[in-house]
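See below for the structure under consideration.
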Amino acid sequence: MSTQFWTTPSQRRIAYKSSTSGGKVTFVWLSGFNSDMSGTKVLSLEAWAQQQGVNFVAFDYSGHGLSDGDFADGTISAWREDALAVIDERTAGDLILVGSSMGGWLALLSAMARPQRVKGLVLIAPAPDFTEKLMWSEFSATAKAEIMENSRYMRPSDYGEPYPITRDLIEDGRKWQILDSDITFTGPVRILQGMADADVPWQHAQQLVSKMTSQDLVFSLIKDGDHRLSRDQDIARLKLTCTEIMSAI
């Protein structure tokens, strides 16, 4: 699929890819924090969708990948707005949202905002509330002071260059926390989680399971799986999961 560009109602120029096969359901990919639609999982799922004749949409949040904007200016509010704009104006019919890491949080927020459209969820190492419960709670006093006093902290990364964590990101994220009460969603949910995930502990995903109201929820814990779950066997499991959830909606 070729990359296209579109300006959202909030005047953000977003990069996206879309394929329509005429199927009844569309899979929408939501990437992780500081990630984009060029990753192994999304490219593999894009190829799977074309082989299966399934509608598929992927996009880059503002400040990510090929989309316009500065990553450091981003917040959960802005990226949620991007996701809902894509859902509202670049998809039709019933949706299955596939969210990886932060994309899992945004998939949940989108499902809560568009319950008539979102019929199923596939969540990969989902990280709802991560700005508060997985970042802020674990930052050192020095890092917290830097965020509060200088408005940003350059967080080291195991995957590349350090990246900014801003005061706006942390404070805005508190508005969208969902793990402190029940999460109402009645459609099927499939969660893939690595037990060796160093970024999102498997207990975090287990907490999500306890808060979701869906009774058709399967939590798959991969003992040797890391955060990315991008190995050949992980990709195969993701494709099987997406195939299976289509029959469950």
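The values are calculated or read from the model by the stated rules, or taken from the named source; none is laboratory data. All values reported here derive from a predicted model rather than from experimental measurement. Heads up, the Cβs are rebuilt from the backbone with ideal geometry, glycines too, and the neighbour counts pull from every protein chain shown.
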Only one of S220, S214, S230, S247 is more than 17 Å from G103 (Cα to Cα), under 18 Å from the mean Cα position of the chain (by Cα) and surrounded by fewer than 18 Cβ atoms within 10 Å (Cβ to Cβ), namely S220
Of (1) surrounded by 22 or more Cβ atoms within 10 Å (Cβ to Cβ); (2) touching a Ser or Thr at 6+ places or on another chain (Cβ under 6 Å); (3) part of a loop (DSSP other than H, G, I, E, B), A83 fails just (3)
**Asked** With respect to V122, is the statement that it is over 26 Å from H64 (Cβ atoms) and either in a strand (DSSP E or B) or at pLDDT below 95 (or both) true?
**Response** no
Inside the range 32-41, the number of residues satisfying the requirement of being buried (at least 22 other Cβ atoms within 10 Å of the Cβ) and out of contact with any Leu (no Cβ under 9 Å at 6 or more places or on another chain) is 2
The residue from E149, E171 that alone is of a type outside the set (V, I, T), free of Cβ contacts under 8 Å to residues at least 12 places away in the same chain and surrounded by 15 or more Cβ atoms within 10 Å (Cβ to Cβ) is E171
Selection from the range 35-48 of residues within 17 Å of the chain's Cα centre (by Cα) and outside any loop (DSSP other than H, G, I, E, B) yields T40, K41, V42, L43, S44, L45, E46
Is it the case that some residue within the range 54-77 is out of contact with any Pro (no Cβ under 8 Å at 6 or more places or on another chain), part of a helix (DSSP H, G or I) and closer than 23 Å to L238 by Cβ?
-> no
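With the structure loaded, tell me whether V189 is under 27 Å from A143 (Cβ atoms), buried (at least 16 other Cβ atoms within 10 Å of the Cβ), touching a residue at least 60 places away in the same chain (Cβ under 8 Å) and in contact with a Leu (Cβ under 8 Å, 6 or more places away or on another chain) or whether it fails that test.
So V189 fails the test.
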- Does the range 59-77 contain at least one residue that is touching a helix residue (DSSP H, G or I) at 6+ places or on another chain (Cβ under 8 Å), at pLDDT 95 or above, under 12 Å from W29 (Cβ atoms) and of a type in the set (S, T, N, Q)? no
Among A78, A47, A111, the single one that is in contact with a strand residue (DSSP E or B) (Cβ under 8 Å, 6 or more places away or on another chain) and either hydrophobic (A, V, I, L, M, F, W, C) or surrounded by fewer than 19 Cβ atoms within 10 Å (Cβ to Cβ) (or both) is A111
Of the residues in the range 16-42, those that are free of Cβ contacts under 8 Å to residues at least 60 places away in the same chain and over 22 Å from V118 (Cα atoms) number 1
Taking the range 99-116 and the residues there that are part of a loop (DSSP other than H, G, I, E, B) and over 8 Å from the mean Cα position of the chain (by Cα), the one that is nearest to L84 (Cα to Cα) would be R114
Counting only helices (runs of 4 or more DSSP H) entirely within the range 140-214, those with at least 1 residues that are under 24 Å from P115 (Cβ atoms) and at pLDDT 95 or above are 167-173, 202-211
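Being assigned to a strand (DSSP E or B) and either over 25 Å from C242 (Cα atoms) or of a type in the set (K, R) (or both) is the filter here; which residues of the range 1-12 pass it?
F5, W6, T7
Rundown of residues vs (1) small (G, A, S); (2) in a loop (DSSP other than H, G, I, E, B); (3) modelled with pLDDT under 95, yes/no style:
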| site | (1), (2), (3) |
| --- | --- |
| I14 | no, no, no |
| G23 | yes, yes, yes |
| W29 | no, no, no |
| F33 | no, yes, no |
| Q50 | no, no, yes |
